[in-house]
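Chemist: Can you keep this structure in mind? I'll have questions shortly.
The values are calculated or read from the model by the stated rules, or taken from the named source; none is laboratory data. Because the structure is predicted, anything quoted here is derived from the model rather than measured. Counting neighbours? That spans all protein chains shown, and the Cβs are built from the backbone with ideal geometry, glycine included. What goes into the accessible areas is simple: the full protein's heavy atoms, side chains included, and nothing from ligands, DNA or RNA. Shrake-Rupley method; radii C 1.70, N 1.55, O 1.52, S 1.80 Å.
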Amino acid sequence: MKTESIAKHGIQRIPAVALGLAIILSISGASIGQVPAPRDVLGFHPTTERTIADWKQIRMYFSELDKSSKRVKVTEIGKTTLGKPQIAAFISSEENIKNLDRIREMNYSAANNTARYKPADNPKGAKSIVAISCSIHSTEIVASQMSMLLAHELASKDDPGTKEILKNTVLILIPSANPDGIDIVADWYRKTLGTKYEGSSPPELYHHYAGHDNNRDWFMMNLAETRNITKLFWQEWFPQIVFDVHQQGSSGSRMTIPPFFDPPNPRIPAMLLREIGLVGYKMAADLTRSGETGVATNATYDTWWHGGFRSAPYYHNSIGILSEAASSRLMSPIKVSKDRLARQRPTRGLKSPLETSTNFPVAWEGGKWGPGDIARLELKAARSILEQAARFRERYIWNSRMLAARNLKQNDSDPVAFVIPAGQGSEEEISRLLEILMWQGIKVEILDHEIEAALSRESRESFTELPAGSFIVRTRSPQKNNIMSLFERQVYPERINALGEAEVPYDVSGWTLPMQMGVEYTPVWAIDEFEKVRKSFTKVTSINSARKVLNLKSATGSFAKVANPLKTNPKIGLYKGHGGSMDEGWTRLVLDNHSIPYSSISDADVKSGKLNVDAFILPSQAERRIVEGLPLDRYPKEYTGGITKAGVENLKRYVEDGGKLICFDDSCAMVIKNFGLPIKNVLEGLNRKQFHCPGTILEIDVDTTHKIAKGMKRKMPAYFIYSSAFQVDDTSKVRTVASYGKKDILLSGWIFGEEYINGRTAIAETKYGKGEIVLFGFRPQHRGQTYATFPFVFNALEK
């Protein structure tokens with residue numbers, strides 16, 4: 001690496017003592033009695049090309065703001081996955097900062113309204129609450145740097161617009177929803193600055209477990225950062241507007257903002273969809289008025305899926321806003337030619353970044369594009385939202401209370417409750433499900449006595465006994481939309497484009513939570529003598545009170561690890577190549593959460609044949625990434641090359657000599673091909689006119705006599721996300737452990753072309769030499785959510 005280029009480009013490694021002294025001198029000399037600018041603390045202006053502030057520097061700046069400005073209060077909201085402090089900065093007028101507790105109480109009351117409400121009843125002193133979160137995806141680095149500029153602007157300016165914002169709103173500014181990733185990116189950027197690798201993504205996940213999927217965790221609560229922010233939002237503050245600041249590819253629009261593309265989720269109130277559009281159109285109008293070009297609305301991103309940072313708020317009666325600015329190469333500028341823009345593939349709602357339309361009225365013609373351009377757009381977008389929230393403060397507070405009040409009215413088309421019956425087993429899964437629900441602010445109760453309930457929508461006078469010790473979640477709640485979205489089966493609208501192809505959703509089409517987790521539950525449409533029996537409902541106040549009912553040991557803390565479920569003590573290896581695999585990360589999380597020891601196996605280990613393990617897991621990765629790894633022209637040599645063909649031969653010898661190879665989804669193709677297995681993926685080569693299944697829960701038939709299916713039910717849910725279905729050509733050598741159902745296999749989401757996989761193998765097991773190969777056509781540990789199919793993996797790992 002050319003270390004001398006670091007200083008040349010404005011990033012210097014300064015000893016900590018010298019840096020601290022420089023900051024003190026800068027602040028005292030340049031800003032006595034004033035709010036320090038980011039330059040005063042960092043030594044450079046954030047968002048300047050080829051400069052980057054790491055998490056320690058960002059926290060340092062916000063700490064200085066907290067000390068110097070009465071408009072700012074910085075709070076640690078928890079620790080990250082790797083133990084770093086995660087912070088939120090509350091920014092408002094001096095008076096509001098003094099009264100934050102009272103403002104929070106008023107907003108909590110509005111969001112959890114239990115009485116009829118009129119706009120004139122807005123309590124005096126109530127403020128609109130806006131949350132702005134930056135750089136959850138850490139390679140989308142600019143927003144974390146921009147956050148300091150936004151905070152300084154609000155803390156130091158006294159123009160009428162800023163004063164109105166400060167008077168009428170409380171801003172909760174999260175400089176990064178992924179501080180660990182900020183440091184991973186900053187360290188890599190500094191290491192490669194001035195080399196041909198400058199601006200490349202780090203050769204590892206930028207979240208310890210999830211990488212890019214850290215923005216897929218917002219109903220599951222697997223990650224510490226998700227839990228920190230969820231507690232802040234949906235247990236404490238209930239912001240009316242949540243703005244999630246992102247970056248997208250370099251060759252499309254310069255920024256994409258709401259309104260969003262279709263389809264909308266039916267559990268999002270119509271009024272909320274209109275409010276999202278209203279905020280988005282104001283952003284677009286303000287950006288265009290200020291001279292910005294290339295701003296798109298109604299494109300790419302939809303409002304169907306639940307689990308994202310900006311989509312989860314919809315189910316809490318809040319406005320979720322997403323912006324996606326075109327990226328540079330981290331903090332290094334790029335040149336985007338008009339020809340490159342012309343070659344950009346069409347996306348949903350945007351045919352070409354050079355072709356104007358109603359939702360894209362002014363195109364950007366190309367040129368230089370850097371972090372300063374990105375930050376400029378993000379600052380204008382943030383300011384636009386804050387102006388709207390300040391000017392229409394009463395409207396947003398009223399909307400919050402009105403939506404909550406509407407959810408307290410019983411609707412005949414919805415069940416009155418969902419019940420998780422006692423006595424079904426799956427105690428640890430039930431415990432985790434209840435903890436997930438309660439962490440999001442959903443009320444859970446225990447039936448102290450049995451009740452009589454109607455379990456059919458059509459037969460509400462026919463009652464069935466539900467036993468004492470069951471858990472009940474009533475839908476007459478401010479959280480109704482969230483409850484319904486998590487418990488009901490999703491039915492994604494079949495969307496076929498003009499070419500006859502299935503349209504690809506933004507993320508997944510189905511996610512029904514208890515179904516994924518293998519927990520039995522039932523909708524309840526009526527409760528006999530409800531006014532009498534509801535006295536026997538006891539609120540679950542902590543997860544340990546629920547665990548007591550489930551006869552489980554008390555947990556040592558929130559979302560604590562569970563005991564190792566394995567009966568034997570196998571030595572487990574998990575493949576972890578350079579470049580980072582989200583599926584590998586989620587596999588680590590599942591193993592860690594279940595206290596299962598394992599070792600990470602590197603490319604070098606496989607190439608050298610160091611496979612001294614009983615079972616070796618290949619997470620879902622394409623053959624090219626496993627065998628060839630990262631490209632040499634984009635990364636230093638030590639990070640490139642994959643396991644190579646020699647590594648493939650070592651894997652074959654490993655199994656031949658008695659090892660067990662367990663493959664998830666995409667990695668199966670490499671093993672089938674190179675090991676010469678009599679299996680083929682029947683979906684290979686099909687197009688979207690023939691088959692499409694984008695993140696869907698399907699039903700599988702299980703051979704419960706097989707050791708891998710020990711303790712499983714005959715029919716199970718499995719998560720299929722562009723996955724595989726196998727045809728077994730030699731049943732004498734390959735045994736089917738589970739197969740996709742013969743018909744009507746859709747449980748939640750969308751499948752197009754079901755006939756291609758009906759009856760096909762979903763899990764296969766075969767002997768190879770003295771060893772064994774287990775092939776999962778789907779991802780049994782998908783995003784750490786699919787507790788129902790975790791036991792297949794645990795059984796496969798046993799000696």
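Chemist: Residues that are out of contact with any strand residue (DSSP E or B) (no Cβ under 9 Å at 6 or more places or on another chain) and either at pLDDT 95 or above or farther than 28 Å from Gly370 by Cα (or both): list the helices (runs of 4 or more DSSP H) wholly contained in the stretch 2-76 that include at least 3 such residues.
Modeler: The helices (runs of 4 or more DSSP H) meeting that bar are 16-30, 38-42, 55-68.
Chemist: Let me ask something else. If you check Ile268 against the conditions, is it at pLDDT 95 or above, under 19 Å from Ile483 (Cα atoms), crowded, with 24+ Cβ neighbours inside 10 Å and among the β-branched types (Val, Ile, Thr)?
Modeler: Criteria not met by Ile268.
Here's the yes/no breakdown for (1) among the aliphatic types (A, V, I, L, M); (2) at pLDDT below 95; (3) within 19 Å of Pro38 (Cα to Cα); (4) open to solvent by 40 Å² or more (accessible area, probe 1.4 Å):
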site	(1), (2), (3), (4)
Ala131	yes, no, no, no
Glu140	no, no, no, no
Leu154	yes, no, yes, no
Glu164	no, no, no, yes
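Chemist: Just the residues that are surrounded by 13 or more Cβ atoms within 10 Å (Cβ to Cβ) and in a loop (DSSP other than H, G, I, E, B), please, taken from the stretch 494-503.
Modeler: Arg495, Glu501, Glu503
Chemist: Need the failing condition index for Thr538 against (1) in a loop (DSSP other than H, G, I, E, B); (2) over 20 Å from Ser748 (Cβ atoms); (3) of a type in the set (Ser, Thr, Tyr), just the number.
Modeler: If we test Thr538 against (1) in a loop (DSSP other than H, G, I, E, B); (2) over 20 Å from Ser748 (Cβ atoms); (3) of a type in the set (Ser, Thr, Tyr), just (1) comes out false.
Chemist: For Gln516, work out the one condition from (1) touching a Pro at 6+ places or on another chain (Cβ under 6 Å); (2) more than 27 Å from Glu450 (Cβ to Cβ) it doesn't fulfil.
Modeler: In the conditions (1) touching a Pro at 6+ places or on another chain (Cβ under 6 Å); (2) more than 27 Å from Glu450 (Cβ to Cβ), Gln516 misses (1) alone.
Chemist: Another one. Of the conditions (1) open to solvent by 10 Å² or more (accessible area, probe 1.4 Å); (2) in a helix (DSSP H, G or I), Asp412 clears all except one; give me its number.
Modeler: (2)
Chemist: Next question. Condition (residue is buried (at least 17 other Cβ atoms within 10 Å of the Cβ), touching a residue at least 24 places away in the same chain (Cβ under 8 Å), more than 27 Å from the chain's Cα centre (by Cα) and farther than 30 Å from Lys532 by Cβ) applied to the stretch 374-385: is it met by at least one residue?
Modeler: Checked against the condition, which is being buried (at least 17 other Cβ atoms within 10 Å of the Cβ), touching a residue at least 24 places away in the same chain (Cβ under 8 Å), more than 27 Å from the chain's Cα centre (by Cα) and farther than 30 Å from Lys532 by Cβ, the stretch 374-385 yields no hits at all.
Chemist: Let me spell it out: the conditions are (1) surrounded by fewer than 19 Cβ atoms within 10 Å (Cβ to Cβ); (2) under 31 Å from the mean Cα position of the chain (by Cα), and Glu772 meets all of them except one. Which number is the exception?
Modeler: Condition (2) is where Glu772 drops out.
Chemist: Kindly establish whether Gly370 is on the phi > 0 side of the Ramachandran plot, within 31 Å of the chain's Cα centre (by Cα) and surrounded by 18 or more Cβ atoms within 10 Å (Cβ to Cβ).
Modeler: Details: on the phi > 0 side of the Ramachandran plot: no; within 31 Å of the chain's Cα centre (by Cα): yes; surrounded by 18 or more Cβ atoms within 10 Å (Cβ to Cβ): yes.
It is false that Gly370 is on the phi > 0 side of the Ramachandran plot, within 31 Å of the chain's Cα centre (by Cα) and surrounded by 18 or more Cβ atoms within 10 Å (Cβ to Cβ).
Chemist: Here is a further query. Out of Glu798, Glu754, Glu765, I need the residue that is acidic (Asp, Glu), surrounded by fewer than 19 Cβ atoms within 10 Å (Cβ to Cβ) and over 30 Å from the mean Cα position of the chain (by Cα). Which one?
Modeler: Residue meeting the stated conditions: Glu798.
Chemist: Here's another thing I want to ask about it. Just for the stretch 703-730: of the residues that are free of Cβ contacts under 8 Å to residues at least 40 places away in the same chain and farther than 26 Å from Leu686 by Cα, which one is least open to solvent (accessible area, probe 1.4 Å)?
Modeler: Going through the qualifying residues, I end up with Asp703.
Chemist: Looking at (1) on the phi > 0 side of the Ramachandran plot; (2) buried (at least 24 other Cβ atoms within 10 Å of the Cβ), which is the only condition Gly125 fails?
Modeler: Every listed condition holds for Gly125 apart from (2).
Chemist: Now for a different question. Considering only residues that are more than 23 Å from Trp188 (Cα to Cα), over 19 Å from the mean Cα position of the chain (by Cα) and open to solvent by less than 10 Å² (accessible area, probe 1.4 Å), which ones fall in the stretch 571-598?
Modeler: Ile572, Gly573, Leu574, Leu591, Ile596
Chemist: Considering only the stretch 730-781, state which residues are among the polar types (S, T, N, Q), in a loop (DSSP other than H, G, I, E, B) and farther than 19 Å from Pro678 by Cβ.
Modeler: Start the filter on the stretch 730-781 by keeping residues that are among the polar types (S, T, N, Q), which leaves 731-732, 736, 739, 748, 758, 761, 766, 781.
Then drop every residue that is not in a loop (DSSP other than H, G, I, E, B), which leaves 731-732, 758, 781.
Residues satisfying the conditions are Asn758, Gln781.
Quick grid of which residues meet (1) open to solvent by 60 Å² or more (accessible area, probe 1.4 Å); (2) within 26 Å of the chain's Cα centre (by Cα):
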residue: Lys607; (1), (2): yes, no
residue: Val613; (1), (2): no, no
residue: Pro619; (1), (2): no, yes
residue: Ala622; (1), (2): no, yes
